[in-house]
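First the structure, in the form of C-alpha cells, and then the observations on it.
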Amino acid sequence: MIKEFKEFIARGNVIDLAVGVIIGAAFTSIVKSLVTNLINPLIGLFVGRIDLSNLVLKVGGATFKYGSFINSVINFLIIAFVVFLIVKAINRVLRREKKEETPAPTATDYLKEICDLLQEKQN
C-alpha cells in the first residue's frame with residue numbers, strides 16, 4: 001500500500017497539481033495586495049472612502065459588510081482575468097506547435113496521388 005501511495009504521489013499530474021495550488025495561493029496574495037493597496041484606494045476616490053472593506057450596512061442588529069464583498073468580487077475578477085490570459089497564451093502556443101508538427105507532403109505522397117488519378121482515368 002505504501003508503494004502504491006508513493007507511485008501515486010510521484011505521478012506528474014499530482015505534482016503539477018500541487019505546484020499549481022501553491023502558485024495559486026501565492027498569486028492570490030499578490031492579487032489581494034493589488035486590490036487592497038491600489039484598486040480600492042482608486043475606487044475609494046470616487047466613492048469617498050479609501051477603505052472599501054469598512055463599508056457596512058446596519059439593519060437592526062445585523063451588520064452587512066458589503067465593502068468586504070466588493071473586495072472579494074474585485075479579487076475574483078482580477079484572478080479570473082489573469083487565468084483567462086494565461087490559458088489564452090498557452091492555447092496560442094499549443095496551436096503554433098501543432099501547426100509546426102504537421103508534416104509537409106513528400107514526393108512519395110504526390111506520386112501516390114498521381115498514380116491514383118491515372119488509375120481513375122483508366123477505369
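In deg cm²/dmol and to the nearest 500, what is the mean residue ellipticity at 222 nm of the chain if only DSSP H runs of at least 4 residues count, each as -39500 (n - 2.57), divided by the residue total?
Roughly -25500 deg cm²/dmol at 222 nm, from the helical runs in the chain.
Each residue of the stretch 33-42 in turn: what ³J(HN,Hα) in whole Hz from Karplus with 6.51, -1.76, 1.60 and θ = phi - 60°, glycine and Pro shown as x?
For the stretch 33-42, the Karplus curve yields 5, 4, 5, 5, 9, 10, 6, 4, x, 5 Hz.
From Cα pairs below 8 angstrom and at least 6 apart in sequence, can you work out the relative contact order of the chain, rounded to a whole percent?
14 percent
Show the residues, 5+ positions off or on another chain, whose built amide H is closer than 5 Å to the amide H of Leu55.
Gly67, Ser68
May I ask you to evaluate 6.51 cos²θ - 1.76 cosθ + 1.60, the Karplus curve with θ = phi - 60°, for each residue of the stretch 113-118 and list the ³J(HN,Hα) values in order in whole Hz, giving x for glycine and proline?
Here the 3J(HN,Hα) series is 4, 5, 4, 5, 5, 5 Hz.
Just grab the label-to-label distance for Glu4 and Gln119, each label 7 Å out from Cα along the Cβ direction, in nm (one decimal).
5.3 nm
Counting only pairs 8 or more places apart or on different chains, how many lysine pairs in the chain have C-alpha atoms closer than 29 Å?
Number of lysine pairs found: 8.
The list (i) 20.6; (ii) 15.0; (iii) 15.7 gives values of Kirkwood radius over Cα pairs in Å, and only one came from this structure; which label was calculated from it?
It is the value labelled (i).
Multiply the residue separation of Leu57 and Phe84 by 0.36 nm, subtract the distance between their alpha-carbon atoms, and state the gained length in nm to one decimal.
Net length gain for the segment: 6.4 nm.
Would you mind getting me the FRET efficiency between Lys112 and Ser29? Use the beta-carbon distance for r and R0 = 35 Å, nearest 0.05.
Calculated transfer efficiency: 0.05.
About its Cα centre, how strong a charge dipole does the stretch 2-122 have in debye, to the nearest 20, once Lys and Arg get +1 and Asp and Glu get -1 at the Cβ?
660 debye
Pick out, from Val21, Ser33, Ser68, the residue whose Cα sits farthest towards the positive end of the charge dipole of the stretch 1-68, with +1 on the Cβ of Lys and Arg and -1 on the Cβ of Asp and Glu.
Ser68
Work out the charge dipole of the chain with +1 on the Cβ of Lys and Arg and -1 on the Cβ of Asp and Glu about the Cα centre, then indicate which of Leu57, Thr108, Asn123 is farthest towards its positive end.
Leu57
No value in this document is a laboratory result; all are computed from the given coordinates. Values in this document were obtained by computation on a predicted structure and should not be read as measured data. Positions of Cβ are generated from backbone atoms using ideal geometry, with glycine treated the same way; all protein chains shown enter the neighbour counts.
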